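Report on one structure; see the data block that follows.
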Amino acid sequence: MAPRIDIINGPNLNLLGQREPDIYGSETLASIEAACRALADRVGLDLHFFQSNHEGALVDRIQAARGDGKAPGAAGIVINPAAYTHSSVAILDALAAFDGPVIELHLSNVHRREAFRHHSYISARADAVIAGCGAQGYELALWRMARLLGRA
Ligand code: CA2
């Protein structure tokens, strides 16, 4: 069975492609999802793609990735926590309760931006961090996940 990978996206990423293309590129979240699906099919990953503007919903989704007696869990998580990167201990704690690999992803190079974006609560749990590669970062994260899971 193909390992399940959850790609989880935080607040305002649903607006991608509508504003600030100089920072975030012109692709929409839907076009990023489509590219990820094509790659996941190629390397044999079962992709689950999610976006929420709500911190608690993101925590719930990360907890659901652990699976339980009824539903199987995810093998790995790719997460762009968006602004919650810089504020959310709750998302860090939820990820700490997940056993598989976690890749933190940012479209922009957060280290070249405002000082408040330089610190990530999430990085303490991330096995890898990708920043500044735009939409391609999602595909790079999936390639890395495929390698970590023995699929590439
Ligand atoms: O570079 C990234 O991917 C970020 O995670 C994006 C977040 C930002 O708060 C992080 O510091 C870095 C913001 C996502 C908001 O996306 C928008 C897209 C279009 C228009 C407005 C916001």
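Laboratory data are not the source of any read-out in this text; all were calculated from the coordinates shown. This is a predicted model, so every value here is computed, not measured. Cβ sites come from the backbone with ideal geometry, for glycine too, and all protein chains shown count toward neighbours.
Indicate the gyration tensor shape class of region 32-102 (rounded, prolate or oblate), computed on the Cα atoms with a ≥ b ≥ c the square roots of the eigenvalues: a/c under 1.5 is rounded; otherwise a/b larger than b/c is prolate and the rest oblate.
Here region 32-102 falls in the oblate category.
Multiply the residue gap between residue 109 and residue 1 by 0.36 nm, knock off their C-alpha separation, and tell me the result in nm, one decimal place.
Result: 35.4 nm gained on full extension.
Which of these, 118, 86, 106, has the largest mean-square fluctuation under a Gaussian network model of the chain (Cα springs below 10 Å)?
So, out of 118, 86, 106, the one fluctuating most is 118.
For the chain, I need the span (max minus min coordinate) of the C-alpha atoms along each principal axis, in Å, sorted largest to smallest.
42, 32, 22 Å, listed from the longest principal axis down.
Residues in region 136-150, backbone N under 18 Å from the label point at residue 38 (7 Å along the Cα-to-beta-carbon vector): list them, ranges by number please.
Taking a point 7 Å out along Cα→Cβ of residue 38, the residues of region 136-150 whose backbone N falls under 18 Å are 136-144.
Over the chain, what is the relative contact order in percent, taking alpha-carbon pairs closer than 8 angstrom and at least six residues apart?
27 percent
At 7 Å along Cα-to-Cβ for each site, give me the label-to-label distance between residue 136 and residue 97 in nm.
Distance between the two pseudo-spin positions: 3.8 nm.
Quick one: putting +1 on the C-beta of Lys and Arg, -1 on the C-beta of Asp and Glu, what dipole do you get for the chain around its Cα centre, in Debye to the nearest 20?
That gives the chain a dipole magnitude of about 240 debye.
Applying 1/(1 + (r/R0)^6) with R0 = 30 Å to the Cβ-Cβ distance of residue 26 and residue 64, what FRET efficiency is obtained, to the nearest 0.05?
0.45
Starting from the Cα-Cα distance between residue 53 and residue 83, subtract it from 0.36 nm times their residue separation and give me the gain in nm to one decimal.
9.8 nm
Modelled label-to-label distance, residue 118 and residue 71, 7 Å Cα→beta-carbon offset: nm?
So the label points at residue 118 and residue 71 sit 4.0 nm apart.
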